[in-house]
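Notes for the one structure printed next.
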């Protein structure tokens, strides 16, 4: 249930986040050029209402449709969004979030129904007319049904907020907002609920406190500062950098893992936000428009004249109260062994202890395979080129070291698993899909492609099950990595290695990695968004301080040639529940040449200590040889 809620939140966020630039543009134009703005300009201010009523909802609907059915879904979603806009008398962000994906879904279902039934030569005709007819029909339904319904819903929510404000109960929204944020519903709450209602208030009185309920960086900053003081191990060392990025960069997601590993600490940000909202209410705080991202800088830029003191107090008080409550809870309830950042991955040890029951029981496919019958093991991930390739390399090396050389270990997209395999190793979120598409095949779900304890358990099972007669000499099956690389093209070139990078948010690291690929002539611009999307679906941080950004299957069309790039971050990046210091960008259109490099990476980064030592070298030539497996 938790994972479904998180996926739903990520989906809603996925419609909003790509269009944040448009929200910022609207916010700046509003703050600067309306009659009460800093630089009033009647002519420029005429853009404010059209952007609010048409541009922003259409962009959201377009993006929502595209997430379901690519470009055709995007067009249908945009057409349907126009209907919901015309059918309501208020900004239709909620309506766009409904009809955008609905348009994409209708197009997708139509395409599935027509697959194989369109006469040759009529594909373009059918595609164009289907999108137009579906989008047009849905826009009419949206105009007369969905739009009015969304207006009633939004007005109801607005009335509810008005009731809370009139009765001094608005601070109690923090009790719901903070836990929902940790479940990655932060952007859905902010832009899907508070922003539409806040826009109405801002148009009437020039500001709205609703823009600061979710975006206030103070409560999250207070929790991270508490970890800086009372945390243990890597949690403490990671908290300082996360605090700077969270407060200045506005990436609230950085503090979520710190809550998830000790859930009782949610009371810190919850209490901090409660008091912050109360402070803003009393002092008359609020913003002219949505602050996105929710950083101190963005909050101040969106602050109207006369509200600076109130807003600064709201952020400071939220931080101070959250800090005090969190640090108290840590001292009372969080033991030393529970405070480490690694505690967020403690379930991996439990998975290892329960390994045999999990893989042989009714869950995860419910299939047992005799070790003597195992000829092929497939590592499956969403795209089949990154994390699965690393995992396959690690297991292949472990099997060879154990003297088992007759088991083929390959990697593939979860949608293209070879039918002649006996075992599939995949991310736990993909295990149900793998089991459904591959009946009779044993499924081993994992959470960490680099450091999964299941690897050792599987190797032990193969060795014990086969006995001495079933194992070959490790020497007879070992091939030197440098020989493999020198036989083909070296994909990781010296000029594509960048060392000593300063910490940035994960998405920025992916974009920087993609930019290197574009400049190296490896990919086109479109591949970068595919890399971002891939990380949203399944994080590319794979353990041992390593991340391997790569695009989705759909993004392969933007690959010009096979290639890799490397970036090191000696100070580390807080990446979901991991710390990343080595980033390997991958673009593979066809073939498996990159496996040679990933094999060397797996060997060079088989532990966190090994990765740290590799990054610390700080010499391009040494990194080039080490990662390419050259002597």
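The values are calculated or read from the model by the stated rules, or taken from the named source; none is laboratory data. What you see is a predicted model; the values in this text were computed from it and never measured. A quick note on method: Cβ atoms are made from the backbone with ideal geometry, for glycine too, and the neighbour counts reach across all protein chains shown.
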Can you name the number of the only condition in (1) surrounded by fewer than 24 Cβ atoms within 10 Å (Cβ to Cβ); (2) at pLDDT 85 or above that residue 580 fails? (1)
Could you grab the pairs with beta carbons closer than 6 Å, sequence gap of 6+ or different chains, first residue in region 172-193 and surrounded by fewer than 23 Cβ atoms within 10 Å (Cβ to Cβ), second one at pLDDT below 80 and not in a helix (DSSP H, G or I)? none
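Being over 15 Å from residue 60 (Cα atoms) and surrounded by 13 or more Cβ atoms within 10 Å (Cβ to Cβ) is true for just one of 82, 102, 153. Which residue is that? Talk me through it step by step, then tell me what you get.
Working: 82 fails: over 15 Å from residue 60 (Cα atoms); 102 fails: over 15 Å from residue 60 (Cα atoms).
Only one candidate qualifies: 153.
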Residue tally, condition part of a helix (DSSP H, G or I), within 13 Å of the chain's Cα centre (by Cα) and within 22 Å of residue 491 (Cα to Cα), over region 533-564: 1
Looking only at region 202-218, and only at residues there that are buried (at least 18 other Cβ atoms within 10 Å of the Cβ) and assigned to a helix (DSSP H, G or I), the one that is modelled with the highest pLDDT: 218
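Among the listed residues 510, 497, identify the single one that is in contact with a strand residue (DSSP E or B) (Cβ under 7 Å, 6 or more places away or on another chain) and at pLDDT 80 or above. Lay out the reasoning, then the answer.
Working: 510 fails: in contact with a strand residue (DSSP E or B) (Cβ under 7 Å, 6 or more places away or on another chain).
Only one candidate passes the filter, namely 497.
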Boolean, residue 221 is at pLDDT 75 or above, within 15 Å of residue 269 (Cα to Cα), out of contact with any strand residue (DSSP E or B) (no Cβ under 6 Å at 6 or more places or on another chain) and surrounded by fewer than 24 Cβ atoms within 10 Å (Cβ to Cβ): no
Do we find a residue being surrounded by fewer than 19 Cβ atoms within 10 Å (Cβ to Cβ), modelled with pLDDT of 50 or more and more than 25 Å from the chain's Cα centre (by Cα) anywhere in region 333-348? yes
Every listed condition ((1) farther than 17 Å from residue 371 by Cα; (2) at pLDDT 55 or above; (3) outside the structural domain of residue 540 (by TED's automatic domain parsing)) holds for residue 467 save (1)
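I'd like to check something: does region 269-285 contain any residue that is outside any helix (DSSP H, G or I), closer than 23 Å to residue 205 by Cβ, touching a strand residue (DSSP E or B) at 6+ places or on another chain (Cβ under 8 Å) and modelled with pLDDT under 95?
No; the residues of region 269-285 include none that is outside any helix (DSSP H, G or I), closer than 23 Å to residue 205 by Cβ, touching a strand residue (DSSP E or B) at 6+ places or on another chain (Cβ under 8 Å) and modelled with pLDDT under 95.
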Against the condition surrounded by 18 or more Cβ atoms within 10 Å (Cβ to Cβ), farther than 27 Å from residue 25 by Cβ and in contact (Cβ under 8 Å) with a residue 24 or more places away in the chain, how does residue 56 come out, does it pass? no
Check residue 130 against each of (1) modelled with pLDDT under 95; (2) more than 29 Å from the chain's Cα centre (by Cα); (3) within 29 Å of residue 196 (Cα to Cα); (4) buried (at least 17 other Cβ atoms within 10 Å of the Cβ) and name the one condition it does not meet. (3)
Within region 501-522, can one find any residue that is free of Cβ contacts under 8 Å to residues at least 12 places away in the same chain and within 16 Å of the chain's Cα centre (by Cα)? yes
Residue 407 passes all but one of (1) modelled with pLDDT of 80 or more; (2) closer than 22 Å to residue 582 by Cα; which number fails? (2)
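Is one or more of the residues making up region 105-120 surrounded by 13 or more Cβ atoms within 10 Å (Cβ to Cβ), in a loop (DSSP other than H, G, I, E, B) and without any contact (Cβ under 8 Å) to a residue 24 or more places away in the chain?
Within region 105-120, one or more residues are surrounded by 13 or more Cβ atoms within 10 Å (Cβ to Cβ), in a loop (DSSP other than H, G, I, E, B) and without any contact (Cβ under 8 Å) to a residue 24 or more places away in the chain.
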